[in-house]
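J.: Handing you a structure now.
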């Protein structure tokens, strides 16, 4: 009976969290949401894209525990808001960093790729079997993409190819 009560309390807390994060204005049954969308703009125009292949271990970083959707949404938002910065670089797993080759190449990539804006950072499919979450974001001019977010010993990180073009 105590275990059943605990499960009920957790379920209610998750529901309240989802409603609070969404401002209660977007009914979307079956979708876990972390409504942390925003808009950003830059003045740089896109130029060349990197053609390097993704590392073999990209998307396979071990996840510890379960990802909190609200926190995962904040990680994606922080990455998009700080694209090209040292803070954004630090939000990537080593495998995701390897996609760019170096922090300098990462900064160069983002100086050449414009994001008009973004919104709707959501965990459409809930948690993955390992407790990680695929966070979906709509980027203006790009469309809807997803990035896997994992818990690591260093905190939550994006474990995906975050190039957009």
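Every number here is computed from the coordinates shown, using simple stated rules; none is lab data. Remember, it's a predicted structure, so these values are computed and weren't measured experimentally. Note that each Cβ is placed from the backbone with ideal geometry, even for glycine, and that neighbours are counted across all protein chains shown.
J.: Exposure proxy check: 122, 58, 92 ranked by fewest other beta carbons within 10 Å? Each step should come with its number before you reach the end.
T.: Details: 122 28, 58 19, 92 23.
Starting with the residue having the fewest Cβ neighbours, the order is 58, 92, 122.
J.: Using 0.36 nm times the number of residues separating residue 102 and residue 116, minus their current alpha carbon distance, what extension gain do you get?
T.: 2.6 nm
J.: Now a separate question. Length gain on complete extension for the stretch residue 142 to residue 154, per 0.36 nm per residue less the alpha carbon to alpha carbon distance? Write down the numbers at each step before the final one.
T.: Working: separation 12, 0.36 × 12 = 4.32 nm, distance 3.00 nm.
Gain on extension, residue 142 to residue 154, equals 1.3 nm.
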